[in-house]
C-alpha cells in the first residue's frame, strides 16, 4: 500500500517547524516559555492546555500544527489512529508526584497523578479532535524509525484506517521534543513517501539542526 | 489468530496458573486489610505477592538474584514458568517479548540508595532486563497504555505474529504496589477499604493488587493439543475525558463492535470478563457499552474481587483465568456481587455455573480514555 507523510512537525523548547519550515514565534525570549508562546500564536481557545504536563503540551501543540486548517477533526470519527513513542514514559511528572509524598509534607494531587501515565498525551489529542480510533503508547530506549514504521504500517492493515498520527514525544531532564507525522493513504504530487529512510531523515533534520 | 501455548500467574493467590485458578474457583480472595502499609497515612485493602516466596523461588532459578528488583524477579519467574509448559527456549530469536507495566520500578524514585543503577527506572530497561535474563536477542516491545496495557500487549503480539515477525510471543504484565501508586489512587478517592464489589449497586471503589502474569502465544497453525486462541483485539478511545469514563461507553462499545464484526461469535459467548473495577463510573460505563453492543444477554463477571486491580498485569492475568474457565466449561462468579443496577441490567454471575459456549470476551478500560476488547475461542475438534 502506498503511504505518504502528508504533514510533519517538530517542536522543542526553543523552536517549532512545520514541514521543515521554521515558525516565527514571538514573545518567547526565555527558555521555558516557548510552548506557551506557541500556544498563543496558534490562537486556539483551549484552557485545558494550561493544566497539562509538558509531555501533553508537546503532543497537543504538535497535533494542532498538524491539523491546523484541516477538515479532519472535531466530528467524532473512528478511522484515525494515534501512536506515540518515547524513552522516559511520564518520569518527569512521576518525579513531581513523588516529591508530594514526603513524610511530613504529604499532599498528593490527583490532577498531577493522572499525568503519571504517558498515554494521557494520546488521550488529550483524541479528546481535542474527537478521534475515537485506537490510541497506543510504546516505550523504546531511543527514537526508533523502524519501530515507528512498523507500527504505522500495521495500523493501515486495518482497511478502516484512513490516517495515522505517529509521534515521538519526550520530556525528561535535558530532552523536550516532539516529532509528529501525519501518515495517509492518499497520494499527492508533493507527498513524501512514508519509509524508514524518510522518517529518519526528517527527524534528523529537525532534531539535530533545529 | 494466535494460539496460547503457556501461561503463568504470580499473585497473592499463588505462584502458578493452577494455584490461582483453583483459589478463584473455590472462592478465595487475596485482598486483605492493612491498617498501615507502604508508609501511607490511610489504611489500605490490597493484595500482595508473598515476597519471601518470590525470593526463594527466584533464588532457585537465578544465581545472582540481587541484580534484579522484586518487580523484575516476578516478571522473570513468571515468564520462566510459562515457558515450561511447552518447553520453549526463550533465547530463540523467533521468540518476541512484549512487556506491560504501568509503573515498573517507580518505587526506586523514593529510594536514595537502592543499589540499583538509575536505568532501572526506565520501562524499556526493565523489559530488557527481563528479556536479557533469557538471552533473547530481540528488543522487547513495551506498551504503556495505562490499565489496558495487558490487553494492548496481547494485541501487539497478535499483530506482530500475524505479520510474520516472529513465531512465538511472550507477553508479560507486571505491577507491584508502592506508596506512589496507592497514594495516587487514594488522592482520586477511587479506593474502597472493603473488598470491592464489581457491578454491585452498593459498590464503593476499587482495590489495588500485585501480580506478574505471562501468556505465551504461538503463530498459527494450531497443534493437536486442546488450544485456546486469541482471535481479535481492538483498542478505541472515548475522546471524552483523561481520567473519567465516557457516559455513553463510547470507546468500550466501539472496541466490542470492532472485535465482533464479521463473526458470529456474539451469539456464542460463554461469558464476558469485564474490567469491572467496582468504581461507580467504570462499572456503569461498561454496563452501557455491553448493552449498546447487544451483549447484555451474555453472562458477565469481573475478577477484581479476587485479585484487586493489578494494573499492567490485569489484562494478562484476567485473560489467563478466563481461558482456564472457558476450558473448564464454567462461568466464574464476580466475587462481591450481590445486586445489580436497575438501569442497565447485566447478567452478572453470582455463582459458578456451566458454560457450554466456545468464546469469551475480555474488556479493559483505562486513563487516557482508552478501552480494549479481546475475543478468545477454544478449539472444537478439528477447527481452524
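Bear in mind that the values in this text are calculations on the coordinates, not laboratory data. Note that this is a predicted model, so its numbers are computed, not measured. Note that each Cβ is placed from the backbone with ideal geometry, even for glycine, and that neighbours are counted across all protein chains shown.
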Problem set entry | Whole-Å distance, taken between Cα centres, linking the stretch B:265-280 and the stretch A:59-103 | 29
For this session: Answer rounded, prolate or oblate for chain B, using the Cα gyration tensor with square roots of eigenvalues a ≥ b ≥ c: rounded when a/c is under 1.5, else prolate when a/b is larger than b/c, else oblate.
Result: oblate
Exercise. Distance in nm between label sites at residue B:353 and residue B:86, each 7 Å beyond Cα in the beta-carbon direction?
Worked result: 3.4
Seminar exercise, completed: Within the set A:22, A:189, A:48, GNM on chain A using Cα springs under 10 Å gives the largest fluctuation to A:189
For this session: Jot down the per residue volume, in cubic angstrom and as a whole number, of the convex hull over the alpha-carbon atoms of the stretch B:316-384.
Result: 134
For this session: Normalising by the residue count of chain B, find the relative contact order in percent from Cα pairs under 8 Å and 6+ residues apart.
Result: 23
Exercise. How far, in degrees from 0 to 90, does helix A:196-209 lean away from the longest principal axis of the Cα atoms of chain A, to the nearest 10?
Worked result: 50
Exercise. Just for the Cα atoms in the stretch B:237-311, what are the lengths along the principal axes, largest first, rounded to whole Å?
Worked result: 33, 31, 19
Exercise. Quick one: which of B:236-247, B:309-320, B:201-212 comes out on top by average Cβ neighbours within 10 Å, and what's the full order, highest first?
Worked result: B:309-320, B:201-212, B:236-247
Exercise. How big is the gap, in Å, between the Cα center of the stretch A:161-176 and the Cα center of the stretch B:319-338?
Worked result: 39
Exercise. Top mean-square fluctuation among B:283, B:175, B:89, Gaussian network model of chain B, C-alpha springs under 10 Å?
Worked result: B:89
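Return the equivalent ellipsoid semi-axes of the stretch B:228-378 as a descending list in whole Å, where each equals the square root of 5 times an eigenvalue of the C-alpha gyration tensor.
The equivalent ellipsoid of the stretch B:228-378 has semi-axes of 21, 17, 15 Å.
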Exercise. So which residue, out of A:80, A:188, A:20, gets the largest mean-square fluctuation from a GNM of chain A using Cα contacts under 10 Å as springs?
Worked result: A:188
For this session: Kindly work out what percent of the DSSP beta bridges joining two residues of chain A are antiparallel, to the nearest 5.
Result: 70
Problem set entry | Efficiency of FRET from Cβ geometry, residue A:189 and residue A:111, R₀ 35 Å, rounded to 0.05 | 0.15
Exercise. In terms of the ratio Rg/(2.2 N^0.38 Å) built on C-alpha atoms, what value belongs to the protein assembly as shown?
Worked result: 0.91
Problem set entry | Convex hull volume of the stretch B:2-219 per residue (C-alpha atoms, cubic angstrom) | 132
Exercise. By average Cβ neighbour count within 10 Å, what is the ranking of B:97-109, B:248-260, B:48-60 from highest down?
Worked result: B:97-109, B:248-260, B:48-60
For this session: Let me know the mean shielding of B:181-191 by other chains, meaning the per-residue number of their Cβ atoms within 10 Å of its Cβ.
Result: 4
For this session: Compute the length gained on full extension between residue A:200 and residue A:48: take 0.36 nm times their separation in residues and subtract their Cα-Cα distance, giving the result in nm to one decimal.
Result: 51.5 nm
Seminar exercise, completed: Between the Cα axis of helix A:145-155 and the main Cα principal axis of chain A, the angle (0 to 90°, nearest 10) is 70
For this session: Work out the FRET efficiency for residue B:40 and residue A:153 from their Cβ-Cβ distance, taking R0 = 60 Å, and round it to the nearest 0.05.
Result: 0.85
Seminar exercise, completed: Longest principal axis of chain A (C-alpha) makes with the long axis of helix A:54-67 (C-alpha) an angle, in degrees to the nearest 10, of 30
Problem set entry | For the stretch B:65-125 versus the stretch A:1-49, the gap between their alpha-carbon centres in whole angstrom | 37
Problem set entry | MRE, 222 nm, helices only [DSSP H, n ≥ 4, -39500 (n - 2.57), over chain B, to nearest 500] | -9000 deg cm²/dmol
Exercise. When Cβ neighbours within 10 Å are restricted to other protein chains, what is their mean count per residue of peptide B:256-264?
Worked result: 1
Exercise. Just the Cα atoms of the stretch B:184-259, one point each, no solvent: what log10 I(q)/I(0) does Debye give at q = 0.18, 0.26, 0.27, 0.28 Å⁻¹?
Worked result: -1.05, -1.15, -1.16, -1.18
For this session: Order by neighbour count: B:147, A:176, fewest other Cβ atoms within 10 Å first, most last.
Result: A:176, B:147
Exercise. Quick one: if the Förster radius is 30 Å, what FRET efficiency do residue A:37 and residue B:248 give, using the C-beta to C-beta distance and rounding to 0.05?
Worked result: 0.20
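Which whole number gives the average count of other chain Cβ atoms within 10 Å of the Cβ atoms across peptide A:107-114?
Working: counts 2, 11, 2, 8, 4, 2, 10, 10.
Partner-chain Cβ atoms within 10 Å, mean over residues of A:107-114: 6.
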Exercise. How would you classify the stretch A:64-210 from its alpha-carbon gyration tensor, with a ≥ b ≥ c the square roots of the eigenvalues: rounded for a/c under 1.5, else prolate if a/b is greater than b/c, otherwise oblate?
Worked result: prolate
